[in-house]
Amino acid sequence: MSFLHVVRRTHLYLGLFLLPWVIMFGVSSIPLNHNSPAAPPTWTKVAELPFTAAVPVPATGSPAGAQPGSSAELRALGREMMNAAHVSGGFYVSRPNPRQVNVNHPNFLRPTRIFYYIDEQRLVAERREFVPRMFVTGLHTRGGYALGGFWDWVWALFVDAVSIGLLLWILSGLIMWWKIPGTGPRQWGWLALASGAACFVIIMLRL
Amino acid sequence: MYLALFLTPWMVGYAASTLLMNHEAGRPVVYTKENEQPYSTTFEQGTPPRVAAEQILSDLDLEGTFGVAAPSPDGKLVITRQDIIAPRRITFYPGERRVEIERAKKDAVGFLYRFHRRRGYEPPFAADRAMAVSVDLVIVAMVFWALSGLWMWWEMRATRPWGVACAVAGIGIFVAFALTI
C-alpha cells in the first residue's frame, strides 16, 4: 500500500463519513449570505411556576455593565432554572438587567428559553415553533464546548472533526494534484492556485 | 480540482476560523488611538445615528461598511468602521466638537473571526460584494464537491462496501443529532 493510496482512501472515506456536515455547512450558508427580513418566530409558553433562587450579587467595584457575580455562579443558577422547567441539556445564561435572568436552551428543531423574574419570583419557559430557516442556520452556528450538555459537547467534537477534515482534504488534494503525471494539470493548477490567492489577498485588503 | 485550488485560501480560512470559534478563542478587540482632530459639523436633533455616522465617515475619508451604536445622552456617537484586518473605532464628541479615531490591534485570531462572519450583499461597496460572491462560490463548490465525490466513489467498485459503511454511519449520526439536540 503506497503513501498515495493511503492519502486517497483517507480523503475518500473521511469525505463520505462527514458528507452530511459538508453539505449542511454549504447549504446553511445560503440564508446567511442572502439575509432577508423575516417575521419574528412564535414562542409558546410551556411552563410558568413560582421560583426562588439565590441570585449572584455583583462584585463590589465591578465595572458598569459587567456580568453580576461570577459566570460559574450564574451558570449554577441557570442549571437550577433548567431543572425547575424540566429541561435537560446544554444552555446559555445571561442577566440582561438586575431584575431578570435568561436561559437559552438550544435545540435545532424547537429551542426553549426560560426567564426568571427575580422581583416576582416567577419562572416562565417558552418553546419556539419550528422555523426551517432557523433550523438550517442553527446547524451552522451551533458549536463550542461550554454549553454544558453531553451531546452538545459531542456535536462540538464533530465540528472540530469537520474543520480538521477540511484541512486534511486540502492537504491531500494538493498532494493528489501534484502527483498527477504530465505538465498540463500542474500548470493549470498553479494558475488556479495563484489566481485564487491573488483574488483572496485583494479582497481582504479592500474589505 | 481547479475550483478547489482556486478556493484554497477561503477553505483554509473557514476551517481554521471554525476551529478557533469552536474553542471560543476570540478575545475583545484592543484599540489604540490613531488620531484626534477637531470636527465642527453639527447635526440637527433627531438625526438618525446612521445618517450622522455616514456623514462623519465621509468627512474623514473613511467611507465603508460600518456599525453605529445609539448615541449616549450627551450625544456622543461611537462608530465601528469595519475592516477585516484592523477595524477602526471613531468617536464623535459633539460637545467638544472633535473626533477620536482608534484602530484595532492586528491579530490573526480576530482576522479569522471577522473573515468567517463577513458575508451578505447589503453593503453597497465593491469589496463587500466581491466577498459575498466568493461566499456563494464556496457554497456552490462545497455542494459540488460532495456530489462529485459521491459520483467518483461510486465509480470505484472496490471502495463501495467501506464507502457505504462510512456514508451510512455519517448520515445516521447527523440525522440523530439534528432531530434530538
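Structure above, values below:
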read-out: In the range A:93-178, GluC sites (Glu not before Pro) in a DSSP loop with at most 16 other beta-carbon atoms within 10 Å; value: A:GLU120, A:GLU129
read-out: Global geometry of chain A, whether rounded, prolate or oblate, following the gyration tensor of its Cα atoms and the 1.5 cut on a/c; value: prolate
read-out: Tilt relative to chain A, helix A:183-206 - C-alpha long axis, 0 to 90 degrees, to 10; value: 40 degrees
read-out: Dipole axis of chain A (+1 Lys, Arg; -1 Asp, Glu on Cβ), positive-most option in A:SER36, A:PHE200, A:GLN121; value: A:PHE200
read-out: Under 30 Å from the Cα of B:LYS106 - lysines, other chains or at least 8 residues apart; value: B:LYS33, B:LYS76
read-out: Estimated vicinal HN-Hα couplings, Hz - the range A:38-51 in sequence order (Karplus 6.51, -1.76, 1.60; Gly, Pro = x); value: 9, 5, x, x, 8, 10, 10, 5, 10, 7, 8, 8, x, 8
read-out: Two-site label geometry, A:VAL201 and A:ARG110: point separation in nm, points 7 Å out along Cα→Cβ; value: 5.4 nm
read-out: Dimensionless Rg ratio for the range B:113-181, taking C-alpha atoms and the 2.2 N^0.38 Å reference; value: 1.61
read-out: Shape category assigned to the protein assembly as shown from the gyration tensor of Cα positions, a/c cut at 1.5; value: oblate
read-out: Within chain B: Cβ-based charge dipole about Cα centre, in debye rounded to nearest 20 (Lys, Arg +1; Asp, Glu -1); value: 580 debye
read-out: Under the Karplus curve 6.51 cos²θ - 1.76 cosθ + 1.60, θ = phi - 60°, whole-Hz ³J(HN,Hα) for the range A:24-30, x wherever Gly or Pro sits; value: 4, 5, x, 5, 5, 6, 4
read-out: Other-chain or far-sequence residues with amide H under 5 Å of B:GLU34's (modelled H); value: B:ILE101, B:GLU102, B:ARG103
read-out: Cα centroid of the range A:130-164 to Cα centroid of the range B:32-105, whole Å; value: 37 Å
read-out: Dipole axis of chain B (+1 Lys, Arg; -1 Asp, Glu on Cβ), positive-most option in B:GLY120, B:PHE144, B:MET131; value: B:PHE144
read-out: Computed FRET value (nearest 0.05) for A:VAL46 with A:ILE23, which takes r as the C-beta separation and R₀ as 51 Å; value: 0.95
read-out: Low-density loop positions, trypsin sites (Lys or Arg not before Pro), the range B:1-82 - DSSP coil, at most 15 other Cβ in 10 Å; value: B:LYS76
read-out: Chain A: angle of helix A:71-84 to the longest principal axis, Cα-based, in degrees nearest 10; value: 70 degrees
read-out: Magnitude of the charge dipole, the range B:31-104, Cβ model with Lys/Arg +1 and Asp/Glu -1, debye to 20; value: 180 debye
read-out: Distance from the range A:25-58 to the range A:79-120 (C-alpha centre basis), Å; value: 10 Å
read-out: Share of pairwise Cα separations in the range B:31-104, more than 16 Å, in percent; value: 42 percent
read-out: Gaussian network model of chain B, springs between alpha carbon atoms under 10 Å - residue of B:ASP61, B:ASP83, B:ASP136 with greatest fluctuation; value: B:ASP61
read-out: Amide H within-cut-off set for B:PHE66, under 5 Å, with H built and near neighbours excluded; value: B:GLN82
read-out: Cβ-based net charge around B:ARG89, under 11 Å, with every Lys or Arg adding one and every Asp or Glu removing one; value: 0
read-out: Span-rule helices in chain B, defined as complete DSSP H runs reaching 20 Å or more along the axis (Cα) with Kyte mean at least 1.0; value: B:126-155, B:160-180
read-out: Nearest-ten-degree value, helix A:3-17 long axis tilted from longest Cα axis of chain A; value: 40 degrees
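Since every read-out is calculated from the coordinates, none of them should be taken as a lab result. This one's a predicted model, so the numbers in the text were calculated from it and none came from an experiment. Here the Cβ is made from the backbone with ideal geometry for all residues, glycine too, and neighbour counts use every protein chain on show.
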